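Visitor: Below is the structure I would like to discuss, written out as structure tokens.
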Amino acid sequence: MAEHKRKKTFGSLQPDIEDILSWNELPGDAFEAATTEERENFIQDRKSVSYWADAWRRLRKNTVAMVALCIVVIIALFAFIGPMVVPYTYKQQVRGSESLHPWHYSLEDQKRISDYLEEHNGAGKLTPDEAVEKARAEAAAAGKTLSRVEEAKIRAQANVSQGQTAEEVTQADAVKALGIQSKPFGYSMQELQRKAAGEDVFPHVFGTDEQGRDIMVRVMVGARVSIIVGVCAALLVLVIGALYGSISGYCGGMVDTVMQRIVELIYSIPEMLIILLLSATLKPALEQFQNSGNGPLQNLVTILGPNIIAMFIAFGLLYWVTMSRIIRGQILQLKQQEYVTAARALGAKGGRIIKRHLLPNCVGQIVTTTFLQIPSAIFLESFLSFVGVGVSAPLTSLGSMCSEALSGLTTYPYRLFIPAAILSLLILCLNLFGDGLRDALDPRLKK
């Protein structure tokens, strides 16, 4: 009698037992020894990848972060190498170049403007009789004859032209009369004469301000000041916050409780008020220190000014609390690990354990928090410079340039838009790259 195979009912949830039992059936050569080629291909040797190499691999896959990094590098090159290329300095006043627009007139157009101004502002003007004789000669050369009405109009125009002063026909009038379109880049009249003589003249690409200072150089120096302040403040926050947070987390108990109450007290202090009070308090002492000699420290204090020094002191006093809390949380987790217990059993002191075992394992959080502190510091410096308590003149920053441009916003809007755009782009790209760096350095996000 043939075996009767039960057919599975459609829609039934009962498993097929015969299929399940067939899973245990092994082929006949299942227990034969593997060949040499099979043994070599069974486990493939792969190159060991370090923590940083793996983080860089994941960061490269983040397109937004890499584009932001490229933009930050370009702005940094623009800020640090650009002033070496441009022959002007940030405080140099080029006489005759006041209030040039970024897109000014070419050399040929400026020659036409000069000729027009020379003709209409004194030199080359004709008397009414000379103007009529010149017009008659031109008409005769063309085979025409002037009527009395045309001669009367020419006499009237000559009379009006003779009555004009040099101020009545301006460069703007000449541009309008000649129908000249603006072209890059801005030159003053003296620079155009030097350029016509064959001398090398560097154009004012972003134009100049009302004092004849090149805006592009000032933007470069302003971006440099913002980047330096941001990096130095972040490093200061890193040192104080990492040290304070690691000690608080490792000691624990009453020490941790007291240290965290201090952190909460600092959180309640308004940063702006502290910076303003420090600036007002330090100003007399710093001025006395500046007048005490001519050494490198006195020169540094003169360049920075009391406001920037007060801001750095405020960073050292207040802005490290976020870093300390992040490091404390990481230390509280790591100090329970076996390698810390083994280090204690071998007689390692607390300082050595923090330096050699705990902080190296917090490096991802330390780097990410430090990098994200840079745009915060740049924004604070720009804001303080904008309200007038930042860098001291003649040193400039992007915030102070925006503040100076407000008075001529309707006439020269580019003086505000250029530094504001670079500042916004710099802060945005630093934040985007910081987010990508955090994702790359977080081991929990490994794929």
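The values are calculated or read from the model by the stated rules, or taken from the named source; none is laboratory data. What you are looking at is a predicted structure, and each value in this text was computed from that prediction instead of being measured. Here Cβ is always computed from backbone atoms with ideal geometry, including for glycine, and neighbour counts include all displayed protein chains. Heavy atoms of the whole protein, side chains included, go into the accessibility calculation; ligands, DNA and RNA do not. Shrake-Rupley method; radii C 1.70, N 1.55, O 1.52, S 1.80 Å.
Visitor: Sort through GLY329, GLY351, GLY316, GLY364 and tell me the only one that's among the small types (Gly, Ala, Ser) and over 15 Å from SER246 (Cα atoms). Reasoning before the result, please.
Guide: Working: GLY329 fails: over 15 Å from SER246 (Cα atoms); GLY351 fails: over 15 Å from SER246 (Cα atoms); GLY364 fails: over 15 Å from SER246 (Cα atoms).
Exactly one residue qualifies, and that residue is GLY316.
Visitor: Being of a type in the set (Gly, Ala, Ser), modelled with pLDDT of 65 or more and not in a helix (DSSP H, G or I) is the filter; apply it to the stretch 122-169 and report the residue that is least open to solvent (accessible area, probe 1.4 Å).
Guide: SER147
Visitor: List the helices (runs of 4 or more DSSP H) inside the stretch 340-439, counting only whole elements, that have at least 1 residues being more than 24 Å from MET272 (Cβ to Cβ) and open to solvent by 20 Å² or more (accessible area, probe 1.4 Å).
Guide: 350-353, 363-386
Visitor: Being open to solvent by less than 50 Å² (accessible area, probe 1.4 Å) and assigned to a loop (DSSP other than H, G, I, E, B) is the filter; apply it to the stretch 207-244 and report the residue that is nearest to ARG352 (Cα to Cα).
Guide: ARG213
Visitor: Specify the residue that is farthest from GLY436 (Cα to Cα); the eligible residues are those in the stretch 57-66 that are of a type in the set (A, V, I, L, M, F, W, C) and surrounded by 14 or more Cβ atoms within 10 Å (Cβ to Cβ).
Guide: Restricting attention to the stretch 57-66, the residues satisfying the condition of being of a type in the set (A, V, I, L, M, F, W, C) are 59, 64-66.
Restricting the remaining residues to those that are surrounded by 14 or more Cβ atoms within 10 Å (Cβ to Cβ) gives 59, 65-66.
On the way: LEU59: 6, ALA65: 5, MET66: 8 Å.
So, considering only residues that are of a type in the set (A, V, I, L, M, F, W, C) and surrounded by 14 or more Cβ atoms within 10 Å (Cβ to Cβ), the one farthest from GLY436 (Cα to Cα) is MET66.
Visitor: Which one of these does SER324 not meet: (1) of a type in the set (Gly, Ala, Ser); (2) in a helix (DSSP H, G or I); (3) in contact (Cβ under 8 Å) with a residue 40 or more places away in the chain; (4) farther than 22 Å from GLY252 by Cβ?
Guide: (4)
Visitor: Would you be able to tell me the number of residues in the stretch 293-337 that are open to solvent by 20 Å² or more (accessible area, probe 1.4 Å), over 29 Å from the mean Cα position of the chain (by Cα) and modelled with pLDDT of 75 or more?
Guide: Of the residues in the stretch 293-337, 9 are open to solvent by 20 Å² or more (accessible area, probe 1.4 Å), over 29 Å from the mean Cα position of the chain (by Cα) and modelled with pLDDT of 75 or more.
Visitor: One residue is enough: does the stretch 77-84 have a residue meeting the conditions β-branched (Val, Ile, Thr) and more than 30 Å from ASP209 (Cβ to Cβ)?
Guide: To start, the set of residues in the stretch 77-84 that are β-branched (Val, Ile, Thr) comprises 81.
Next, from what is left, pick out any that are more than 30 Å from ASP209 (Cβ to Cβ): none.
Within the stretch 77-84 (the criterion being β-branched (Val, Ile, Thr) and more than 30 Å from ASP209 (Cβ to Cβ)), the answer is no, since none of the residues qualifies.
Visitor: Are any residues in the stretch 245-276 surrounded by fewer than 13 Cβ atoms within 10 Å (Cβ to Cβ), more than 30 Å from PRO360 (Cβ to Cβ) and touching a residue at least 24 places away in the same chain (Cβ under 8 Å), and if so, which ones?
Guide: Once the filter is applied, which keeps residues that are surrounded by fewer than 13 Cβ atoms within 10 Å (Cβ to Cβ), more than 30 Å from PRO360 (Cβ to Cβ) and touching a residue at least 24 places away in the same chain (Cβ under 8 Å), the stretch 245-276 yields only ILE269.
Visitor: Given the criteria closer than 19 Å to ILE366 by Cβ and surrounded by fewer than 18 Cβ atoms within 10 Å (Cβ to Cβ), does GLN290 qualify? So that I can check it myself, show each step before the final result.
Guide: Working: closer than 19 Å to ILE366 by Cβ: no; surrounded by fewer than 18 Cβ atoms within 10 Å (Cβ to Cβ): yes.
Spelling it out, it is not the case that GLN290 is closer than 19 Å to ILE366 by Cβ and surrounded by fewer than 18 Cβ atoms within 10 Å (Cβ to Cβ).
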